[in-house]
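Engineer: Pasting a structure here, questions to come.
The values are calculated or read from the model by the stated rules, or taken from the named source; none is laboratory data. Everything numeric in this text was worked out from a predicted model, so none of it was measured. Note that each Cβ is placed from the backbone with ideal geometry, even for glycine, and that neighbours are counted across all protein chains shown.
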Amino acid sequence: MPNAPSNGANAASWAIPLRIAEHFIKTGRSDVAIEVLQLLKTGYDLPPPGRIWLEFHHATANWRLKGIESARNEVEKALGLPINPIAKRELRTVLISHLAEVGDKDALVHQLEEHLSNPVDPVKDAEVMQISKKYGLENGHSFHEHASQPEFNLRKKRKISFWHPGKRLSKSVEKTISETKTAPEVNLYVIDDATVVIINSYVIVFDKEMRVVTQCSNPFSRFTWPGVSDRINNPRERFLGNSAFIRDRFLRANYCHWIVDWLPRLCLIEETEQPIDNIIASEFSSSFQRESLAFVGYDPTKVREISNDGAFQFERLLILDNSTHKLAHPMQFADPKLMNWWRSKVLFPRSGNLRRLYIPRKRQRVILNEDKLVPLLLDYGFEVFDPSQHSFRDQVQSFASAEAVVGGHGAGLTNLLFAPDKCRVLELFPPQGGTSAFFVLATAIGQDYDLIVAAGTNSSTGANDLNYLAPLTEVEKWLRTLPAPTRTG
């Protein structure tokens, strides 16, 4: 098989064979997975992310096929790769159990220390925690858990369907966006003299009796990892008054998550009429954050930025359980009150020239043939509007005057929240798909939403962020359904 180019229109996607190999590993066919990985290794010019994941999957397949003892060296090497700890957890857990069984204390202690410094889903780590305790690596402190009652139940669990039977969308994403969704209930907990410990983005909330409040803590085993007690004994800061905790495990408050995850938590807390003295976030450095916070009526100086590691004390903590459990965009389920909280502040123009906006992407999931797509859109009255080059208020007002929006799947489409209910929307999906967030937003508002899934990819970025080619013929077919550009006034 000839080497595939790493860039260009005919570039092959290395992500697809990797996912096929992963599927065979999970279904007990590691022998087939190894064949797929070998073909991938010899037949593709892999970029660094591809080579890293290939090594990791190869180690996993060999462990399942030959046993951990035979594959130990390969597994140890794979665990040193720079990939996310969720992927490593199972592999490291198996290796730890093997090292404990054969009595290789030095190697075991090393793997335990690595595991405990990067906790992932600790509820499933009881065996590892018992081993670590045996070898003196667990600090011996067992925290009690407390099933506290919420102060306010703000939303009941409910089924929601946004599917319009008349729509014909690609089969590759139809199931994802057409199925009925379940919006979880949302509760607010008010905790006096609270302590919050954060380790590697995991949040553990303690009440004044130092019991873990399970409903607003990330999944937590009763044997905690080393360092929690040290952090509790050395808190970084104490906050007086009422503190609204709006951060979650989407650590970077990028535009999308800030607008539809973090800030709507303030709206939910507002419903309880609890005063807010401090707004607790883990990142507050962008101009759009300050501008949008002021836009919804809050003083940006109330924000208190905390790090993703350490202990913090609060005179009174206001925290929603969707900050740590039930993680989903609160507005992805199109909660009417949250939608109106934003849209009621938008001044929709009653006259003037309505605009047609194309929203480009610059860093990931880039449209490779944009040099051909943009002239096509210009012919139909579109302008290129890059949200990153505009203030938050400019973005709101530009979308408020939009009669049509075209853009690739990504944060820029969050601004559909501010577009008129009659706006036409075309979202371009990368081949590997994406979330239904913008479909749900647009449909709930009443916008006329359509979606086109791209076919071509290139392998210059990670598997979840592949660049792709916009299918120009399909795009032009959609453009022809638009009326003549609106000119009023």
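Engineer: State all residues of region 385-420 that are farther than 18 Å from Val440 by Cβ and part of a strand (DSSP E or B); if no residue qualifies, say none.
Structural biologist: Matches in region 385-420: Ala402, Glu403, Ala404, Val406.
Engineer: Oh, and also: Just to be sure before I move on: is Ser286 under 20 Å from the mean Cα position of the chain (by Cα) and not assigned by TED's automatic domain parsing to the domain that holds Ala244 in the structure I sent?
Structural biologist: no
Engineer: Test Phe239 against the criterion of being crowded, with 18+ Cβ neighbours inside 10 Å, modelled with pLDDT of 95 or more and either within 25 Å of Asp193 (Cα to Cα) or assigned by TED's automatic domain parsing to the domain that holds Asn415 (or both), and give yes or no.
Structural biologist: When the stated conditions are applied, Phe239 passes them.
Engineer: Restricting attention to region 47-70, report how many residues are touching a Ser or Thr at 6+ places or on another chain (Cβ under 7 Å) and under 17 Å from Val32 (Cβ atoms).
Structural biologist: 3
Engineer: Give region 422-446 a look and list any residue that's under 15 Å from Arg343 (Cα atoms) and either in contact with a Lys or Arg (Cβ under 6 Å, 6 or more places away or on another chain) or buried (at least 22 other Cβ atoms within 10 Å of the Cβ) (or both), or say none.
Structural biologist: Cys423, Leu441, Ala442
Engineer: Could you check region 248-265 and list, in sequence order, the residues that are surrounded by 20 or more Cβ atoms within 10 Å (Cβ to Cβ) and either aliphatic (A, V, I, L, M) or modelled with pLDDT of 90 or more (or both)?
Structural biologist: Ala253, Tyr255, Trp258, Ile259, Val260, Trp262, Leu263, Pro264, Arg265
Engineer: Checking Arg304 against (1) of a type outside the set (Asp, Glu); (2) under 24 Å from the mean Cα position of the chain (by Cα); (3) modelled with pLDDT under 95; (4) more than 17 Å from Thr324 (Cα to Cα), which test does it fail?
Structural biologist: The failed condition is (3).
Engineer: Hey, another quick one. Find the residue count for region 372-400, including only residues that are over 17 Å from Leu472 (Cα atoms) and surrounded by 21 or more Cβ atoms within 10 Å (Cβ to Cβ).
Structural biologist: 6
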